[in-house]
Amino acid sequence: MTDDGRAAVAAVEAVANRIERERDYLTQLDSAIGDADHGGNMARGWAAAADAARDLDDPDAQTVAKTVGKTLMSKVGGASGPLFGGSLVFASVELDDGVTAESAVAFAETYLEKVKDRGDARVGDQTMVDALTPAVHTFKKSIETDSRPALEALAKAVDAAERGVAFTVPIRARKGRASYLGWRSVGHQDPGATSTLFILEELLAVAADQLDSEVPDVDATSPTIPDEAGTDEGTTPEPEED
Ligand code: ADP
Ligand code: MG
C-alpha cells in the first residue's frame with residue numbers, strides 16, 4: 001500500500017471511532033433542531049466506510065476517498081449523506097497524483113464548493129458550511145500565502161472550524177430541517193458543523209501521527225466570523241486607475 005493510502009485508511013478508522021464516540025452527542029444536537037438522526041446516520045455511514053476502506057486491496061488515498069464517499073452516500077441517508085459522501089467522491093479527483101500540500105488544498109476547495117453547490121447553503125445559514133468554509137480558507141491561506149507547513153495549516157484549519165461551529169449557535173437556520181423552526185433555531189449548535197469539526201480533528205491527529213510530530217499549538221489568529229470572501233478578505237484593494 002502507498003504511504004498516503006495507509007494514512008488514508010488510518011484516518012477513516014479514526015473518524016469512524018470518533019463519530020461512534022460522539023454518536024449520542026450528535027443525536028442530542030439534532031434532536032434540538034432536527035429529527036435526532038445525525039448521530040445514528042453518521043455512525044452507520046462511517047462504520048461502513050471504515051469496513052470498505054479496510055477491504056480495499058492496496059489502495060492509494062484517492063481510491064480510499066472515493067470508496068468512503070460512495071459508502072457515505074449509500075449509508076448515511078438524510079440531507080447529510082449526499083453532502084458528505086457525494087462531495088468526497090467529487091473532490092477525490094484532486095488526489096490523482098497522491099497527497100501533497102498543494103493537492104490537499106485543491107481537494108479541500110473542491111469539497112467545499114461541492115457541498116455549497118449541492119446544499120445551496122452559504123456561510124450564515126447554520127449548516128456544516130459554517131465550519132467548513134473558515135477551515136478551508138484558513139488551510140489554503142496558511143499553505144499558499146503564509147507558506148506554513150501542512151500540519152500547522154491543518155491545525156489552524158481545525159481551530160477555524162471550531163470557531164465556525166460556535167458561530168452557528170447565535171444564528172438562524174436557513175437550510176435543512178432546522179430552517180423549518182425559523183427563529184427557534186437560534187441558540188442551537190448545528191450538528192453537521194459539529195461532525196465536520198470532529199472529522200477535521202481526527203484528520204489532524206492522524207496527520208500528526210503519520211509525520212511523527214506533535215499537533216502544533218496554533219494561535220487563534222483567523223477571523224472569528226467566517227466569511228465567503230476567503231483569503232482575500234482583509235487585504236486593501238488596489239486603487240483604481242483613472
Ligand atoms: P437530515 O437533516 O436529513 O435529518 P442529518 O441530520 O444527518 O440529515 O444532517 C443534518 C445536517 O446536515 C445539518 O446539521 C446541516 O449541517 C447539514 N445540512 C442540512 N441541509 C443542508 C444544506 N442544504 N446545505 C448544507 N448542509 C446542510
Ligand atoms: Mg437529522
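Pairs of Cα atoms in segment 153-216 fall into 10 Å distance bins, from 0 up to the last occupied one, in shares of 22, 39, 23, 12, 3 percent.
As a size descriptor, the averaged projected area of the C-alpha convex hull of the chain was calculated at 13.9 nm².
As a fraction of the 1.4 Å probe accessible area of the chain, surface on carbon and sulfur atoms comes out at 48 percent. Spin-label model, ARG118/GLU20: points 7 Å from Cα along the beta carbon direction are separated by 2.4 nm.
Taking a span of 18 Å or more along the helix axis (Cα atoms) and a mean Kyte-Doolittle hydropathy of at least -1.0 as the rule, the DSSP H helices of the chain that qualify are 3-21, 38-55, 61-75, 101-119, 150-168, 191-210. The residue among TRP183, ALA65, PHE90 whose Cα reaches farthest toward the positive pole of the charge dipole of the chain, with charges on the beta-carbon of Lys, Arg, Asp and Glu, is TRP183. Rolling a 1.4 Å probe across the protein heavy atoms gives the chain an accessible surface of 49 Å² per residue.
For LYS141, the lysines whose Cα comes closer than 18 Å to its Cα, not counting residues fewer than 8 places off in the same chain, are LYS156.
On full extension, the segment bounded by GLN189 and LEU211 gains 4.6 nm, given 0.36 nm per residue less the C-alpha separation.
The values are calculated or read from the model by the stated rules, or taken from the named source; none is laboratory data. Quick caveat, the model's predicted, so the values are computed rather than measured. A quick note on method: Cβ atoms are made from the backbone with ideal geometry, for glycine too, and the neighbour counts reach across all protein chains shown. Ligands, DNA and RNA are stripped out before the accessible areas are found, and what is left, the full protein with its side chains, is counted by its heavy atoms. Shrake-Rupley method; radii C 1.70, N 1.55, O 1.52, S 1.80 Å.
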